1. Do any strands (runs of 3 or more DSSP E) lying entirely in region 1-101 carry at least 3 residues that are among the polar types (S, T, N, Q), and which ones are they?
2. Could you tell me whether region 25-46 includes any residue that is over 19 Å from residue 92 (Cα atoms), exposed (fewer than 11 other Cβ atoms within 10 Å of the Cβ) and free of Cβ contacts under 8 Å to residues at least 12 places away in the same chain?
3. Which condition number does residue 12 fail, the rest of (1) surrounded by 17 or more Cβ atoms within 10 Å (Cβ to Cβ); (2) charged (D, E, K, R); (3) farther than 30 Å from residue 87 by Cα being met?
4. Considering only region 47-64, how many residues are within 16 Å of the ligand (Cβ to nearest atom) and in contact with a helix residue (DSSP H, G or I) (Cβ under 8 Å, 6 or more places away or on another chain)?
5. Could you pull out the residue among 86, 73 that is more than 19 Å from residue 5 (Cβ to Cβ), within 15 Å of the ligand (Cβ to nearest atom), surrounded by fewer than 13 Cβ atoms within 10 Å (Cβ to Cβ) and in contact (Cβ under 8 Å) with a residue 12 or more places away in the chain?
Amino acid sequence: MKLIVAIVNYDDAGAVTRALTKAGFSTTKLATTGGFLLATNATILTGVRDERVQEAIDVIRAHSKSRKQVVPPASELGSGVFSGIPVEVTVGGATIFVVDVERFERV
Ligand code: 2BA
């Protein structure tokens, strides 16, 4: 079994969780904050059987859009850094980690 940890744009989180649920995956959605932009995003946890990992990633990819975001000058970035010029970054689709699950129980 694997745990998929997917960090997605907050605006995509509902569509991603709905699509995963419709495909038969269990999900937990957490409200999180990116360390660089300090913007709210969402982290979706999905425990899946090994043979369904790619299927789950395909669902997440299909509902996670990539966005360009311009950080205005003098905005505070992570670690208290202030940028003096506008910075454009591409955020997402999704940042995905696949982690081995040593033990899974529902008690
Ligand atoms: P943030 O940390 O707020 O980063 C937002 C976007 O800013 C990133 O998009 C990337 O394009 C840019 N960025 C991040 N750190 C940067 C840096 N040191 N210098 C220049 N640009 C930087 P994504 O790569 O799509 O990441 C979206 C969100 O996914 C991140 O939000 C963070 O919450 C998470 N994330 C990405 N990589 C991660 C990692 N290795 N570990 C944990 N979380 C990660």
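1. 28-33, 40-48
2. no
3. Every listed condition holds for residue 12 apart from (3).
4. The total comes to 3.
5. That would be 86, the only listed residue that is more than 19 Å from residue 5 (Cβ to Cβ), within 15 Å of the ligand (Cβ to nearest atom), surrounded by fewer than 13 Cβ atoms within 10 Å (Cβ to Cβ) and in contact (Cβ under 8 Å) with a residue 12 or more places away in the chain.
Rundown of residues vs (1) more than 11 Å from the chain's Cα centre (by Cα); (2) at pLDDT below 95; (3) more than 19 Å from residue 104 (Cα to Cα), yes/no style:
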position: 12; (1), (2), (3): no, no, yes
position: 24; (1), (2), (3): yes, no, no
position: 29; (1), (2), (3): no, no, no
position: 44; (1), (2), (3): no, no, no
position: 51; (1), (2), (3): yes, no, no
position: 62; (1), (2), (3): yes, no, yes
position: 69; (1), (2), (3): yes, yes, yes
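The values are calculated or read from the model by the stated rules, or taken from the named source; none is laboratory data. All figures in this text were calculated on a predicted structure; none of them were measured in a lab. For neighbour counting, all protein chains shown are included, and Cβ atoms are generated from backbone atoms with ideal geometry for every residue, glycine included.
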